[in-house]
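Heads up, the thing below is written out as structure tokens.
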Amino acid sequence: MEQPADTSGLRDASPQVAVTVVRTGGFAGLKRTWEATADDPSTVGVWLGFADSLPWGATPREDPRSVDRFVYRIVIAVHSEVRHEKTLPESALTGGWRDLVDRVQQQADGDAGSGQSPAPPH
Amino acid sequence: MIHSIVPPYLLEKIAQTDDGRMVRAARSARRALLARDSVLDARATAGAEANRTGPDSEVPHGGSPSVAATVKRRDGGTLAESAAGAVAATPTPSRTIFDAHNTEQLPGTRVRTEGSDATSDVTVTEAYDGLGATFELYERAFGRNSIDGKGLPLLATVHYGKDYDNAYWDGQRMVFGDGDGEIFGRFTASVSVIGHELSHGVTQFTAGLEYQGQSGALNESYSDVMGALVEQFQKKQSAGEASWLIGEGLFTAAVQGKALRSMISPGTAYDDDMLGKDPQPADMAHYVDTTDDNGGVHLNSGIPNRAFALAAIEIGGFAWETAGQVWYDTITGPLASDVDFATFARAKVAAATARFGSGSAETKAVRAGWLKVGVLEDGAAG
Ligand SMILES: [Zn+2]
């Protein structure tokens with residue numbers, strides 16, 4: 001992983017913002033993790049602005065009859081402190097949630113050296 | 001509601017028969033048993049549809065004592081002939097395959113209906129054939145007419161989503177992704193996956209096992225068991241010959257692994273640089289406590305899966321006639337929807353005892369399987 005510039009003083013090893021998506025379940029039961037990080041102020045602002053606009057406190061719509069679908073856990077950490085955390089069934093991964101997960105997956109999959117994500121090789 | 005003259009214990013006997021001449025009788029007896037079970041279930045919709053398929057008309061009406069004597073010999077005779085003569089046409093599936101054209105819109109466009117010719121799309125063909133193979137296992141081995149026991153049409157959608165690495169049951173239909181092409185290929189490639197998904201429908205219409213924690217892992221295990229049995233039934237494989245793999249051939253060649261799960265040896269299906277090692281536990285000592293995956297339903301299913309495979313191999317022969325029949329009896333019998341492993345194991349030993357007798361090789365092997373994986377302790381299984 002590219003080392004962040006030394007801008008954060010005490011915690012220069014941890015990124016300013018880390019958005020982690022953990023996908024479990026599905027027929028295969030394979031756990032996969034994607035992580036996107038941001039350190040420069042404008043990118044940090046974009047991630048946090050977007051993340052803070054999502055309904056973290058709302059109860060997700062349940063889909064009691066479907067089975068073998070994915071379960072997503074989304075964690076947003078600022079300097080390693082958890083700012084938001086949410087677990088969503090795949091059926092509730094719509095709208096802004098879906099956009100967030102798509103963005104994290106795109107960044108992680110495009111970041112071959114991250115080591116965080118078992119992303120398919122390109 | 002069901003006016004069967006033949007008492008249930010007799011139907012059970014007939015339904016078990018392995019005599020070739022009694023196959024049709026056994027089939028109708030199984031249907032009658034199912035009709036009875038559905039009445040016991042007090043399912044609201046039982047009436048009209050059960051009458052339409054007419055299970056009671058397929059059962060011979062005769063004097064019980066002499067019939068009992070005939071049946072107890074298990075070697076054919078009057079009952080077999082009269083039952084065969086009265087039997088209705090064998091149920092057939094009603095399959096419809098849809099194509100989502102790589103969107104997430106369900107159901108998609110209809111591309112194949114029952115009896116129509118195969119298309120040039122191998123995914124559609126695999127889905128259609130896999131639904132047929134699953135229908136056949138349930139009908140021939142257990143006398144069950146489709147998912148609900150009443151001929152429910154079988155629906156599947158293929159080409160769901162873009163690079164979608166999954167197959168699921170949405171409560172009404174099976175949905176199959178094409179895979180991303182790098183880790184997974186198409187999910188219709190293994191009939192065990194199709195049998196698995198359709199069996200989730202059977203669970204929904206029977207025990208309704210809650211998809212959380214241990215009851216969720218049992219829900220998963222039942223689907224794996226039946227997925228494996230669809231494949232074994234299709235290949236006419238004995239328990240000893242079977243691979244006991246789930247989802248063989250789904251991984252691309254780039255992945256170091258032979259399948260998604262191994263029922264006989266959970267935790268050994270794959271060990272890949274990128275995906276890691278198959279995380280399934282093989283016994284209770286390694287039970288995974290997690291909030292992921294609805295409480296690890298796809299992980300801890302390894303424990304009942306192994307109990308099943310061990311029992312089936314110990315008994316020998318075709319697993320759908322022995323340990324598979326016991327699993328089926330258990331899930332269609334009285335069972336709490338939030339049942340835990342230990343309670344379920346005891347229900348299974350009871351089901352084996354009811355069908356095969358307490359001293360039978362089948363019951364001993366079923367109990368031994370649960371002991372081996374640490375769910376039951378010696379003496380606890382009665
Ligand atoms: Zn499943």
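The values are calculated or read from the model by the stated rules, or taken from the named source; none is laboratory data. All of these numbers come straight from a predicted model, not from anything done at the bench. Please note: Cβ atoms are built from the backbone with ideal geometry, for glycine as well, and neighbour counts cover all protein chains shown.
Within the range A:3-28, residues that are more than 14 Å from chain B (Cβ to nearest Cβ) have Cβ atoms under 9 Å from residues that are modelled with pLDDT of 90 or more and within 16 Å of the ligand (Cβ to nearest atom) in no pair, counting only partners at least 6 apart in sequence or on another chain.
Conditions tested, residue by residue: (1) of a type in the set (A, V, I, L, M); (2) outside any helix (DSSP H, G or I).
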site: B:335; (1), (2): yes, yes
site: B:349; (1), (2): yes, no
site: B:362; (1), (2): no, no
site: B:369; (1), (2): no, no
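Per this entry, residue A:38 is counted among residues that are more than 30 Å from residue B:267 (Cβ to Cβ), modelled with pLDDT under 95 and crowded, with 18+ Cβ neighbours inside 10 Å. Restricting attention to the range B:230-246, does a residue exist that is hydroxyl-bearing (Ser, Thr, Tyr) and either crowded, with 22+ Cβ neighbours inside 10 Å or within 11 Å of the ligand (Cβ to nearest atom) (or both)? No, there is no match, as no residue in the range B:230-246 is hydroxyl-bearing (Ser, Thr, Tyr) and either crowded, with 22+ Cβ neighbours inside 10 Å or within 11 Å of the ligand (Cβ to nearest atom) (or both). Scan the range B:252-269 residue by residue and report those that are within 9 Å of another protein chain (Cβ to nearest Cβ) and buried (at least 19 other Cβ atoms within 10 Å of the Cβ). Result: B:260, B:261. Restricting attention to the range B:281-318, the residues that are within 13 Å of chain A (Cβ to nearest Cβ), of a type in the set (Val, Ile, Thr) and buried (at least 19 other Cβ atoms within 10 Å of the Cβ) add up to 1.
One residue stands out in the range A:41-87 among those that are in a helix (DSSP H, G or I) and among the hydrophobic types (A, V, I, L, M, F, W, C): the one that is nearest to the ligand (Cβ to nearest atom), namely A:51.
Kindly indicate whether any position in the range B:319-337 is within 14 Å of another protein chain (Cβ to nearest Cβ) and aliphatic (A, V, I, L, M). No, the range B:319-337 contains no residue that is within 14 Å of another protein chain (Cβ to nearest Cβ) and aliphatic (A, V, I, L, M).
Taking residue B:222, is it within 15 Å of the ligand (Cβ to nearest atom) and modelled with pLDDT of 95 or more? Criteria met by residue B:222. Selection of the range B:270-280 for residues being surrounded by fewer than 20 Cβ atoms within 10 Å (Cβ to Cβ) and either among the β-branched types (Val, Ile, Thr) or more than 8 Å from chain A (Cβ to nearest Cβ) (or both) yields B:271, B:272, B:273, B:277. Among the residues making up the range A:61-73, those that are closer than 22 Å to residue B:209 by Cβ, in contact (Cβ under 8 Å) with a residue 12 or more places away in the chain and at the interface with chain B (Cβ under 10 Å from one of its Cβ atoms) are A:63, A:66, A:68, A:69, A:70, A:71.
Taking each residue of the range B:190-219 that is at the interface with chain A (Cβ under 9 Å from one of its Cβ atoms) and looking for partners that are assigned to a helix (DSSP H, G or I) and among the aliphatic types (A, V, I, L, M) with beta-carbon atoms closer than 8 Å, six or more apart or interchain, yields B:196/B:226; B:203/B:331; B:211/B:297; B:216/B:297; B:219/B:297.
Residues in the range B:111-131 that are more than 26 Å from the chain's Cα centre (by Cα) and hydroxyl-bearing (Ser, Thr, Tyr) were compared, and the one that is surrounded by the fewest Cβ atoms within 10 Å (Cβ to Cβ) is B:120. Flag: residue A:58 does not match the condition of being of a type in the set (A, V, I, L, M), within 14 Å of chain B (Cβ to nearest Cβ) and more than 17 Å from the chain's Cα centre (by Cα). Would you confirm, using the coordinates I've provided, whether residue B:131 is within 25 Å of residue B:237 (Cβ to Cβ), touching a residue at least 12 places away in the same chain (Cβ under 8 Å), hydrophobic (A, V, I, L, M, F, W, C) and within 15 Å of the ligand (Cβ to nearest atom)? For residue B:131, the condition - within 25 Å of residue B:237 (Cβ to Cβ), touching a residue at least 12 places away in the same chain (Cβ under 8 Å), hydrophobic (A, V, I, L, M, F, W, C) and within 15 Å of the ligand (Cβ to nearest atom) - is not met.
Does the range B:285-296 contain at least one residue that is in the same structural domain as residue B:219 (by TED's automatic domain parsing) and over 30 Å from residue A:69 (Cβ atoms)? Checked against the condition, which is being in the same structural domain as residue B:219 (by TED's automatic domain parsing) and over 30 Å from residue A:69 (Cβ atoms), the range B:285-296 yields no hits at all.
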